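Values in this text are rule-based calculations from the coordinates and carry no lab data. Note that the structure is predicted; figures quoted are calculated from it, not measured. Cβ placement follows ideal geometry from the backbone for every residue including glycine, while neighbour counts extend to all protein chains displayed.
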Amino acid sequence: MSQSPYLRRESAGTLASSVRLAGRTSPIRCHLFTTDHRAIGRLYLWLALLSVAIGTILSLLMRLHLTWPERVLPFHGPVLPEDYLALVTIHGTLMLFFVLTTAPQSGFGNLILPSQIGARRMAFPLINAVSFWVIAAALVVLLSSTFVPGGSPISGWTAYPPLSAVPSAGPGQGTGIDLWLASIALFAIGSTMSSINQLVTVVRMRCEGMTWGRLPLTVWAWITASMLSILAFSVLLAALLLLFCDRHLATSFYLPVGDVVNGTLRAAGSHNGSPLLWLHLFWFFGHPEVYIAILPGMGLTSMILGNFSRRRVFAYRTMITTTLLIGFLGILVWGHHMFVAGLNPFAGTAFSISTIAIAIPAAAKVLSWLATIWRSRPSYTTAFLFSLGFVSLFITGGLSGPILAQPILDQYLHNTFFVVAHFHLIMAMAGIFGLFSATYYWFPLLANRTLHEGLGRIHFVGSLLGAYATFLPMHLTGLAGEPRHYAQLTSIPNAAGDLLARTLPLNRGITWAAFFLAGTQLVFLANLLLTLWRGPRSSPNPWDATTLEWHPNLSESDFGLLPVVYREPSQYAYQNGEARALPQWIDPALLPSAPSTSGDRGVS
Amino acid sequence: MHRSLDLLLSALFNARDIWRLPVDGSLHGALLDRHLLLNLWIILGLAALAHLLLLAGVLFARDRRAGTESISRTVRLEYLPLAFFTLLFSWLTLRAERLWALSRYTGAEPTALQVEVTGMQFAWYFRYPGQDATFGRVEPALLDPGAGNPLGIDPADSHGKDDLVSSELVLPAGREVDLRLRALDVIHGFAVPEMRVKQNAVPGQTIHLHFTPTRPGTYAILCTQLCGLGHYRMNANLRVLSASDFEHWLHVRESRGTT
Ligand code: HEM
Ligand SMILES: [Cu+2]
Ligand SMILES: [Cu+2]
């Protein structure tokens, strides 16, 4: 690729004024109402950590109730079916929105993205701060739904109408779901703002020499996810608005004439809406949303595998292409959630073909990862191990995707635990592994310290075993016919009782495994607190990395000159079987001439 | 050699127990199961292969330098496997699309038994059209479960007089059934694992679903679309009877009137 034009250097004036500002503000203002992207990134990570802790406890309560339904919770009494559904709804909403959308995209996006492109800040610091506070408000609104009459909503994270549109449809479908709607609407606004900010930052603020072809794959992932966010969240916002109108302004976008819920006939008028409109709008958002959650993890995995194998990421250009292709195809597959929802069967065929198509760029990524590490004598840091774990989970969870994409098979598997297993492996567990990998890798930049590697390995092994022990058997209970969203599997009348009872032995094992998986996370928490308290100071570039976030002049306290970029990331010079890193910012003129370098090449 | 391969294949295709699939009692189920098991074995194989490569790749050390790419290496390691993968999944999809077309692209035969299925929080109701083979008109305003009219059948329509409403679905083995699915309040999911069918019932729509039960027995009808707090207990029995038992059941129920 040829040199891109000189992009933009920050003027000394902006710098001086930001130094002045920092000097005047109080510590509270400095830490909470800050417009500094690193501080905002840390706030996002704390928000995600809080959410994942709550979400995990809720999931354990669900598992407990499923396997030992007669147990009474302390301070609560028996768990009612609506309590179980409220747990599912808040668990899913917290995990998907407040953990897997915020932490990889906005948390690490703020902490790392600007320095990876050689910028000292984001394009719109104020918008950045506002979007964090909008999202924090969204979290408060969501959690407050527990305390209103009727409690939290019970319609799941997908909130299908009419269940979500009519207050008489169940407890939690009154004020509870209004709060859910408000929360998700705030979240959509906050995410859209923060994505616009990220996109503009990458387009406008790359340092000299940082051409598109030299962008790390993490940055490609972040901007692809940003583009998806802008598109998907704006459609979601519109859908939420229509649902709000149906609930409070007597419109019927999603409600057919003559709908009778719980004895209440909706005033029959000439307005004949359809719940399928919501399904289309929601999944037009929902499918891209799962890519928003996982793309940053894919980008990071690529870079970390390259870094610790001391190799260029295999087929780098193809990796960029597949990232964009996955983003693009991700917009065209929403109907695979609707094979049995009442679509025209021809539509089922069309959506199944577009869905199978997306498996191809995904498979290309896996092949590149395998080739990158193939017999490379990698160094087994915890960050590297979690990236390997990401690849493993991505393979195991991903392969069941093409099965669910075949409508004839989905007509058996839809809404069973087979689907729960699929999305927990590929999205939830792979996403969390990506986050852990990021945390162990970038911790020196977050806190100037390195997390304990021994504890990290224990954490990795426990999490991998726990994840598989929890979610692999769910495929089998799903194949046996166990539907999701069931508050109870015992004391069910009719033939259904026998069918569900057959899954109980496996289900008990799953619950034990879930407790093991959650318990292992205590090792991580201990590691985190111990390290923050008295961990060893880290050296400036402890992993010998090649990307700009490790450049000494871009650290938090240093205001040296902005760097210039000379080559692609993950370049190494090889000599006597050893690999010497060629960071992106080292001027080739300053390098001792090496006998063989793998320099910046145009084709892959 | 050939024989043992055949044996192995048929063992794999009949491995419902290993994968914990319930028995199959429908005409189309055999092909569906075959295709499902084929898929499951293939992804199990691919997952194992990928993990072997992953482990071998990190365990067997070689030169770091050896990893640098050339065009031929990229083609060999990336594009060839990708081409294989594309062919494999195209083949599977093609098979799946044909099965889907077979069961969904066309409606039921005209001779199929007509039954209407209505979902409501939290029960399924099944209506048979009676002697006149025509369903009576229903009117949401007439819904009155307390007075024995859970579906709101309009007494003014004579077609409805002989309609038979049941809380279990009873079908004759060997005859195709044409279900018309409706929902009164929220979306419900009509699912019969042992018949390998699932289709949502959507308020405001009537959706047809057809299949042929082959094996007499009692099977579970579940709700598979979250519909409220009683979702987990919204189920009914499907009883598949021999043709003569079915005639008998229908006769007894018709002479008894609606219950
Ligand atoms: C300890 C780990 C976890 C366990 C044991 C667990 C367990 C569960 C269970 C039992 C359900 C309900 C299934 C049903 O009845 O339909 C569920 C739903 C869900 N989980 Fe998890 N989960 C875990 C972690 C996660 C993570 C990290 C995510 C992040 C994306 C996640 C995302 C979801 C989503 C989106 C749903 C669907 C919610 C809905 O249907 O509204 N889970 N999980
Ligand atoms: Cu999807
Ligand atoms: Cu239901």
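Structure summary
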item: Solution diffusion estimate, µm²/s, Stokes-Einstein, the protein assembly as shown, Kirkwood Rh from C-alpha pairs, 20 °C, viscosity 1.002 mPa s; result: 74 µm²/s
item: Vicinal HN-Hα couplings computed from phi for region A:331-342 (Karplus, 6.51 cos²θ - 1.76 cosθ + 1.60; Hz; Gly/Pro x); result: 7, 9, 10, 4, x, 5, 8, 10, 4, 10, 8, x
item: Over chain A, relative contact order from alpha-carbon pairs under 8 Å, at least 6 apart, %; result: 15 percent
item: Between region B:25-58 and region A:315-347, the Cα center-to-center distance that results, in Å; result: 22 Å
item: Dipole magnitude of region B:113-256 about its Cα centre (Cβ charges: Lys, Arg +1; Asp, Glu -1), debye to nearest 20; result: 480 debye
item: HN-Hα J in Hz across region B:147-164 - Karplus 6.51, -1.76, 1.60, θ = phi - 60°, x for Gly and Pro; result: 8, x, 10, x, 9, x, 5, 7, x, 6, 9, 5, 4, x, 4, 9, 5, 10
item: Span-like helix ranges in chain A, DSSP H, alpha carbon extent 30 angstrom or more, Kyte mean at least -1.0; result: A:37-67, A:175-204, A:217-248, A:275-309, A:345-373, A:382-404, A:453-479, A:504-534
item: Mean separation of Cα contacts under 8 Å (6+ apart) over length of region B:113-256, as relative contact order %; result: 26 percent
item: Fewest-first ranking of B:GLU78, B:GLU109, using other Cβ atoms within 10 Å as the exposure measure; result: B:GLU109, B:GLU78
item: Sequence of A:VAL148, A:VAL313 once ranked by neighbouring C-beta atoms within 10 Å, starting from the fewest; result: A:VAL148, A:VAL313
item: Neighbouring partner chain Cβ atoms per residue of B:185-196, average, 10 Å criterion; result: 6
item: Other-chain or far-sequence residues with amide H under 5 Å of B:ASN149's (modelled H); result: B:ASP144
item: Ranking of A:ARG508, A:ARG71 by count of other Cβ atoms within 10 Å, fewest first; result: A:ARG71, A:ARG508
item: Shielding by partners, peptide B:95-105 (average Cβ within 10 angstrom, other chains); result: 6
item: Farthest positive-ward along chain B dipole, Cα basis, beta-carbon charges - from B:SER167, B:LEU113, B:LEU12; result: B:LEU12
item: Residue-averaged beta-carbon neighbours from other chains (10 angstrom radius) around B:210-219; result: 1
item: GNM result for chain B, Cα springs below 10 Å: residue of B:PRO22, B:PRO129, B:PRO213 fluctuating most strongly; result: B:PRO22
item: 5 angstrom amide H check on B:ALA201, placed H, neighbours 5+ away; result: B:HIS188, B:GLY189, B:PHE190
item: Computed over region A:364-485: relative contact order in percent, which uses C-alpha pairs under 8 Å that are six or more apart; result: 37 percent
item: Potential extension, B:ALA243-B:ILE18 segment - 0.36 nm per residue separation minus Cα distance; result: 77.7 nm
item: Amide H contacts of A:GLN575 (H built 1.01 Å from N, under 5 Å, at least 5 apart or other chain); result: A:ARG580
item: A:LEU80-B:ARG175 FRET efficiency (beta carbon distance; Förster radius 45 Å; 0.05 resolution); result: 0.60
